[in-house]
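Written below as structure tokens is the structure these notes are about.
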Amino acid sequence: MKLPLGIENETLEKCEALKLAGIWPSGSKMNARSWLNNFDENDRPIAALLLSKFTYYNQEQSDALLVAAYNSIGDGLPKGPKAPNSTELIKALDDAVLTMVSGENPNPTDSGFLYCRKARQVLHISESLQKDPVEALLHAINGGTVVFIDDFIGSGDQFLKHWEREYRTEPPRSFKEVQEVNGFTAIYITLVSTDYGLGEIHKKSPQVAVCSTHIIGEKSTLFGLDEYGYGKIDIDNFLNKYSSRLEPDDGYMTHPLYLKFGYKMRGLLLAFEHSVPDATLPIFWSKGTGNWRCLVERA
């Protein structure tokens with residue numbers, strides 16, 4: 001595989017420029033040089049290539065993405081195969097409450113909690129309109145609109161499990177069941193989505209209106225690098241070699257293919273200041289053996 005001459009130095013210069021511009025954090029929080037030193041000298045050009053395609057959203061950028069996602073409710077574009085149109089969605093907001101999207105195994109560190117707070121601080125949505133999932137489900141049962149909020153759609157699993165999770169002991173027990181009973185308006189606000197995850201939600205919950213600022217296609221993942229003339233075999237061998245050194249905290253991520261390509265083998269190259277999706281390549285965020293240094297910590 002032929003890589004551009006000087007790609008390592010060019011990438012490090014780019015990373016320093018991002019720090020000087022305030023886009024990447026200053027100091028040692030994201031040390032690109034230390035991260036590149038994880039790799040043998042002859043493997044650093046591939047590591048530098050991956051790093052050159054890495055996208056980091058700081059807090060200011062994330063806030064701007066949130067505002068754009070919320071404003072897109074009324075942009076006139078379709079939000080799902082069977083979702084209401086923009087005029088109907090805007091009208092439905094008059095009777096809306098907002099709730100978080102909990103993780104596949106709900107816990108207090110879920111990013112949905114952060115984004116409920118962001119909704120108050122950035123979108124100026126009153127705290128009185130923010131409900132926990134049980135209260136939001138009751139609102140939906142009564143025909144009210146529910147706005148779900150989170151930062152990212154990777155595989156779509158997190159939202160779909162939240163949509164189908166049973167919060168009551170008697171029917172309708174889940175948002176999915178309520179939708180089947182009364183067709184309440186459901187809006188899902190998220191900053192960034194993969195086209196794969198968006199497709200899964202559209203397929204399995206076509207009535208949900210998904211409003212996402214950025215949609216990531218395959219060309220913007222690991223699997224789009226051959227668009228630049230880079231060999232898949234070399235990158236595959238590289239990931240095989242270094243994923244074996246990783247020791248992520250999450251047990252489900254020890255699956256060899258997840259260690260190599262990220263959750264559900266999405267091969268993403270991105271992170272937010274507040275968190276890193278598990279669908280991002282683990283070589284960027286996972287702990288590892290020996291003196292392994294991650295680029296960004298996954299909170």
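Taken together, the values in this text are just the output of simple stated rules run on the coordinates, not laboratory data. Since we're looking at a predicted model, the values are computed, not measured. Positions of Cβ are backbone-derived with ideal geometry, glycine not excepted, and every protein chain shown enters the neighbour counts.
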**Study point:** Partner aspartates and glutamates for Lys204 [C-alpha distance under 12 Å; skip if fewer than 8 residues away on the same chain]
**Key:** Asp157, Glu164
Point to revise | Computed lengthening from Met265 to Asn42, 0.36 nm per intervening residue step minus Cα-Cα distance | key: 77.7 nm
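From the cross-link list Lys118/Lys260; Lys161/Lys241; Lys203/Lys287; Lys29/Lys118, which pairs have alpha carbons spaced over 29 Å apart? Spell out each step's value before the answer.
Numbers: Lys118/Lys260 33 Å; Lys161/Lys241 34 Å; Lys203/Lys287 35 Å; Lys29/Lys118 23 Å.
Distance filter (> 29 Å) returns Lys118/Lys260; Lys161/Lys241; Lys203/Lys287.
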**Study point:** Alpha-carbon centroids, segment 118-177 and segment 241-299: separation in whole Å
**Key:** 29
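Beyond a 27 Å Cα-Cα separation, which of these cross-linked pairs lie in this structure: Lys131/Lys264; Lys91/Lys176; Lys79/Lys219?
On the way: Lys131/Lys264 30 Å; Lys91/Lys176 22 Å; Lys79/Lys219 22 Å.
Listed pairs above 27 Å: Lys131/Lys264.
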Practice item. State log₁₀ I(q)/I(0) for the chain at q = 0.15 Å⁻¹ as given by the Debye formula over alpha-carbon point scatterers of equal weight, solvent excluded. Key: -1.14
Check your understanding: Sorting His255, His162 on the 10 Å Cβ count, fewest up front, what's the list?
Key -> His255, His162
Exercise for review: Working from the alpha-carbon coordinates of segment 59-216, get Rg over Rh, Rh being the Kirkwood radius.
Suggested key: 0.92
Check your understanding: If amide H atoms are built 1.01 Å from N in the plane of the peptide, which residues on other chains or at least 5 residues away come under 5 Å of the amide H of Ile216?
Key -> Ser193, Thr194, Asp195
Practice item. Mind putting a number on the dipole of segment 1-52 about its Cα centre? Charges go on the C-beta only, +1 for Lys and Arg and -1 for Asp and Glu, and I need it in Debye to the nearest 20. Key: 200
Exercise for review: Bin all alpha-carbon pair distances of segment 22-93 at 5 Å intervals from 0 and give each bin's fraction as a whole percent.
Suggested key: 3, 13, 15, 13, 10, 10, 9, 9, 9, 7, 3, 1
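What's the FRET efficiency of Glu297 with Glu16 using the Cβ-Cβ distance as r and R₀ = 22 Å, to the nearest 0.05? Don't jump to the answer; show the numbers that get you there.
Details: r = 20 Å, r/R0 = 0.92.
Result of the calculation: an efficiency of 0.65.
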Review point. Contour minus end-to-end for Lys203 and Val181, with contour as 0.36 nm per residue of separation and end-to-end as the Cα-Cα distance?
Key: 6.0 nm
**Study point:** Pair His255, Ala64: separation of 7 Å Cα→Cβ label points (nm)
**Key:** 3.5
Point to revise | Table column - 3J(HN,Hα) (Hz), segment 290-297, Karplus curve with 6.51, -1.76, 1.60, x for Gly and Pro | key: x, 9, 4, 10, 7, 6, 9, 7
Review point. Per the helix-only calculation at 222 nm, which mean residue ellipticity applies to the chain, given -39500 (n - 2.57) for every DSSP H run of n ≥ 4 and division by its residues, nearest 500 deg cm²/dmol?
Key: -11000 deg cm²/dmol
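Would you please give the FRET efficiency between Thr289 and Ser26, computed as 1/(1 + (r/R0)^6) with r the Cβ-Cβ distance and R0 = 35 Å, to the nearest 0.05?
On the way: r = 29 Å, r/R0 = 0.82.
Result of the calculation: an efficiency of 0.75.
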**Study point:** Residue with peak Gaussian network fluctuation, the chain [Cα springs, cutoff 10 Å], from Gly267, Gly154, Gly76
**Key:** Gly76
Check your understanding: Considering only Thr280, Leu225, Ala186, whose Cα is most displaced toward the positive end of the charge dipole of the chain, charges sitting on Cβ of Lys, Arg (+1) and Asp, Glu (-1)?
Key -> Leu225
